[in-house]
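So the structure is just underneath, and the comments pick up after that.
Readers should treat all values here as calculations from the given coordinates under stated rules, not as data from a laboratory. Worth saying up front: this structure is predicted, and the values here are computed from it rather than measured. Neighbour counts are summed over all protein chains in view; Cβ atoms, including those assigned to glycine, are modelled from backbone coordinates with ideal geometry.
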Amino acid sequence: MERKDLWLLHFSTFFFFLGYILVAPLISPLAIQLGATPFVVGTVASVSSIFAFALKPVGGILGDRGKSFEVMMLGTLFGAVAGMFYVLSFFMKSLVIFAVGRAVHGMAAAFFFPSSLSTAIDLAPKGRVGETLGWRGTMFSISQLIGPALGGFMADYLGFQSAFLFTIIISLVGFLFVLKAYREVRTKVEARAQEEIKGSYRDLITAPFIFASFSLLFMVFAYSGMYTFLPAYYKISGLGTSVFGIYASIMGGFSLLTRVFGGKEADKRGPVPVASIGIILITSAYLALFSYLLPPKAYLSAIVLGAGFGLTVPSLQMLALANLPKNIRGMGSSVYTMFFDLGYLSGPLILGYVAELEGYERIFLFLPILTFLSLLSLIILKVVRRSKK
């Protein structure tokens, strides 16, 4: 990727997601500290996804009308406002205020995430969509590598408030990168807004889009359960917040190693084979995690899990969105990422109920089952394509 506009866009993605994911491992420990039960922990973790799910169509429509950069800037500003609520909740010892912050961060994701994804595809060089999504995913992986460990260590040694203040700062840095990227490609964006409409939203009803979305749903359902309840399990086991931060950082680091490779392979071989291999790795990682929940053996599953995500995420994005008409790609990105939100809000709620009844350990038995359903979606897509041929 040589283009300056794409790199500015990628860096804005890095800072937005760094602010978003830095808070993720702090949700359940802070909620437990404020007296939450396992089900309430899952509910608080789901709040951001509920609001993101509800508002993403608005972000998609605005993006399709040529306002994608403005929508991304609004998302980064909402990220900073969310950080302010987090700080206030800590000093007020209020779980309700913290939940409001999660809601605002969900609004931020609703505006930033779809437009960032669709704009990256729009600006990608011909024949290099997978590679471009791989580099975009690399920014996410670097944020995942740095964010959870940084958030965990800041919470353990400087207090939760320090991590929340840092969220505000880096969200505003993300705003500056989006603004700079917009100035670089303003004429292209304006020209695109005046293009003749070539597709309608009914064109989203295609087999690749539908099955990629369901594959994403099941994969994220499992991921959200792991990301919410593994730090909670470590907390009640007497381990520090930073223990899960290390786990998530290992996962992010190995995801970083495979993102661009996965995108390039999807360009060459097609997204379905690459995504299928990635999901098989993810499933095997969850089986290993269920067998060895505690570190250091648990960190072995983080390695495989990260590598699997690096292959799967850009491939599924390419499968769902690359062949959509440009004028509906914003809404396509919104609907596709709504399946992400649906998985992220369902996982903590449903698995939180399981944890309430049977304990945190039982949750991890369901994760490989869910990712097998993700793989099954891609297998069904293959069958459908063969039958059409």
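Suppose the chain between Gln33 and Phe372 were pulled fully straight at 0.36 nm per residue; how much longer would it get relative to their current alpha carbon spacing?
Full extension from Gln33 to Phe372 adds 118.6 nm.
Calculate, in nm to one decimal, what Leu172 and Ile280 gain on full extension: separation in residues at 0.36 nm each, minus their alpha carbon distance.
Length gained between Leu172 and Ile280: 35.1 nm.
Find the Rg to Rh ratio for the chain, where Rh is the Kirkwood radius over alpha-carbon pairs and Rg uses the same atoms.
0.95
Over the Cα atoms of the range 334-389, compute the convex hull volume and normalise it per residue, giving Å³.
Convex hull of Cα atoms, per residue: 80 Å³.
Can you find, among Met84, Thr228, Phe53, the residue sitting farthest towards the positive end of the charge dipole of the chain, where Lys and Arg contribute +1 and Asp and Glu -1 at Cβ?
Highest projection toward the positive end goes to Phe53.
Full-extension gain between Leu179 and Val58, please, as 0.36 nm times their residue separation minus the C-alpha to C-alpha distance.
Gain on stretching Leu179 to Val58: 41.5 nm.
Arg269 to Arg386: FRET efficiency via 1/(1 + (r/R0)^6), r the Cβ-Cβ distance, R0 22 Å, to the nearest 0.05?
The calculated FRET efficiency here is 0.85.
Using a Förster distance of 30 angstrom, determine the FRET efficiency expected from the C-beta separation of Trp7 and Lys326, and round it to 0.05.
With R0 = 30 Å, the Cβ-Cβ based efficiency is 0.90.
Any idea what the dipole of the range 255-389 comes to, in debye rounded to 20, about its Cα centre with Lys/Arg Cβ at +1 and Asp/Glu Cβ at -1?
Taking the Cα centre of the range 255-389 as origin, the dipole is about 880 debye.
Suppose every K and R has +1 on its Cβ and every D and E has -1 on its Cβ; what is the size of the dipole of the chain about the Cα centre, in Debye to the nearest 20?
1000 debye
Which order do the peptides 118-127, 27-36 come out in when sorted by mean C-beta neighbours inside 10 angstrom, highest first?
Output ranking for 118-127, 27-36: 27-36, 118-127.
Go through the range 266-319 and name the chymotrypsin sites (Phe, Trp or Tyr not before Pro) that are in a DSSP coil and have 11 or fewer other Cβ atoms within 10 Å of their Cβ.
Sparse-neighbourhood loop chymotrypsin sites (Phe, Trp or Tyr not before Pro): none present.
If you keep only loop residues by DSSP, which trypsin sites (Lys or Arg not before Pro) in the range 17-109 have at most 16 other Cβ atoms within 10 Å of their Cβ?
Loop-located and lightly packed - Lys93.
In this model, which of Lys126/Lys180; Lys4/Lys268; Lys67/Lys326; Lys4/Lys126 are farther than 18 Å apart at the alpha-carbon?
Lys126/Lys180; Lys4/Lys268
Based on the Cβ-Cβ distance from Leu287 to Ile379, what FRET efficiency comes out when R0 is 25 Å, to the nearest 0.05?
The pair Leu287/Ile379 has a calculated efficiency of 0.85.
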